[in-house]
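The values are calculated or read from the model by the stated rules, or taken from the named source; none is laboratory data. Predicted, not measured: the structure shown is a model, and the values here were computed from it. Ideal geometry is used to build each Cβ from the backbone, glycine not excepted, and the neighbour counts take in all protein chains shown.
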Amino acid sequence: MDRTFVMVKPDGVARGLIGEVVGRLESKGLKLVCARLEKLPEKRVMDQYREHIEKPFFPSLRHYITSGPVFLMVWEGRSAVPVVRSLVGATNPAEAAPGTIRGDYALDIGRNVIHASDSPESANREISIHFTPDDICSYKRVDEPVLYE
């Protein structure tokens, strides 16, 4: 099975949307294998957003992402990255389809509720920033036989 990294951002946590996000991903059939609520330390913020450090919006992004707790998760399932990305919706909520998390709960690109890895490589990198292999749990969902061929 594939894994992906998902983070409910400070605005999503403050708005009480953790349960909604978890519920949508579980209802799809994905398996939550690791999760933690915390305020991100500076080093991991820099590692998480390394490709944006030189961009003009980075100081605002860094301030925002450290403004409150985030909910970090690892999800598992077949084609986990594209499946989660489709549930999350476009980065810009104005372009996110209704029924997606951002389409239903976000209005502003700077406060778009959730982050999800954009590739398997990014997922592996982001998971390793926030979790160790020992953090990840292994178990079977009772509905796995009806989820997959």
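Structural remarks
- Note on the stretch 47-67: among residues that are in a loop (DSSP other than H, G, I, E, B) and over 16 Å from the mean Cα position of the chain (by Cα), the one that is nearest to S117 (Cα to Cα) is I53.
- Selection over the stretch 116-134 of residues that are exposed (fewer than 13 other Cβ atoms within 10 Å of the Cβ) and among the acidic types (D, E) gives a count of 2.
- Odd one out for L17 among (1) touching a Lys or Arg at 6+ places or on another chain (Cβ under 7 Å); (2) touching a residue at least 40 places away in the same chain (Cβ under 8 Å): (1)
- Taking the criterion of being touching a Gly at 6+ places or on another chain (Cβ under 6 Å) and charged (D, E, K, R), the only residue of the stretch 80-128 that qualifies is R102.
- Single condition A97 does not satisfy, out of (1) aliphatic (A, V, I, L, M); (2) without any contact (Cβ under 8 Å) to a residue 12 or more places away in the chain; (3) part of a helix (DSSP H, G or I): (3)
- Candidate set from the stretch 1-39 (those that are outside any helix (DSSP H, G or I) and of a type in the set (G, A, S)); member that is surrounded by the fewest Cβ atoms within 10 Å (Cβ to Cβ): G16
- Residue count for the stretch 120-149, restricted to those that are more than 18 Å from T4 (Cβ to Cβ), outside any helix (DSSP H, G or I) and not charged (D, E, K, R): 1
- Within the stretch 85-115, the set of residues being touching a Lys or Arg at 6+ places or on another chain (Cβ under 7 Å) and either on the phi > 0 side of the Ramachandran plot or loosely packed, with under 15 Cβ neighbours inside 10 Å (or both) comprises G89, V113.
- Complete set of residues in the stretch 68-94 that are more than 16 Å from H115 (Cβ to Cβ) and either assigned to a loop (DSSP other than H, G, I, E, B) or at pLDDT below 95 (or both): R78, S79
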